[in-house]
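Here is the structure we will look at, set down as structure tokens.
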Amino acid sequence: MYTMALLNNGDLVGWGANLYHNVNPDSATSPWLDETYVILSGVAKVSCGYSHTMVVMTDGTLRGWGSNSNGRVNPTSATNPWTDKTAVILSNVADVSCGYSHTMVLMKDGTVRAWGRNSEKQSNPLSAKNPWTDTSNIVVSNAKKIAAGMYQSYVIKNDDTLVDWGANFW
């Protein structure tokens, strides 16, 4: 378990279990307990999965670190854990939400993309491929809000309809 906090000035700090470099990608120390250490500056939004952290920077770029199992951070790399917090994964990103082991983003143009574990079709409801690693695949258009559950994905569209996919076993 870990916590990330986005400060008013755009600095990101965090603390807790750092087994996958999910709190501080610059350190193997776990637990990471220095809540004053600035992990990254210029952050606009942050979301945490089980063992990965994704951020949208003020310039609209997406970065991330932590466990890259199933390509949940950077699907173009087999490196695990992913620790390069400077690598730009996508540009023109408005929001990010992390599930247990998948990532979904809302692009500035209102499209939604998702990648990572797809065992319950939480990344791509139209594919049985697991993991899903295509960050260019548009899952939904005309979206205004996103939220990732453990094995689910949710989108509120511009017309206020809800679209969801993934696990349905509760």
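Observations on the structure shown:
- The chain: relative contact order as a whole-number percent, Cα under 8 Å and 6+ apart: 14 percent
- On a per residue basis, the convex hull of the C-alpha atoms belonging to segment 67-170 measures out at 89 Å³.
- Taking the accessible area of segment 1-160, probe 1.4 Å, and keeping the other protein chains in place, the carbon and sulfur fraction comes to 49%.
- For segment 1-105: Kirkwood Rh in Å [reciprocal of mean 1/r, alpha carbons]: 13.2 Å
- Candidate aspartates and glutamates for bridging to residue 144, where Cα separation is under 13 Å - those fewer than 8 sequence places away on the same chain excluded: 95, 109, 159, 160
- 1.4 Å probe accessible area per residue over the chain, in Å²: 46 Å²
- Ignoring lysines fewer than eight residues from residue 129 along the same chain, the ones with Cα atoms less than 19 angstrom from its Cα are 121.
- Using a probe of 1.4 Å, the accessible surface attributed to residue 138 totals some 80 Å² when neighbouring protein chains are kept in position.
- Per principal axis, descending, Cα span of segment 24-66 in whole Å: 30, 22, 13
The values are calculated or read from the model by the stated rules, or taken from the named source; none is laboratory data. Remember, it's a predicted structure, so these values are computed and weren't measured experimentally. Side chains are part of the model used for accessible areas, which takes the heavy atoms of the whole protein and leaves out ligands, DNA and RNA. Shrake-Rupley method; radii C 1.70, N 1.55, O 1.52, S 1.80 Å.
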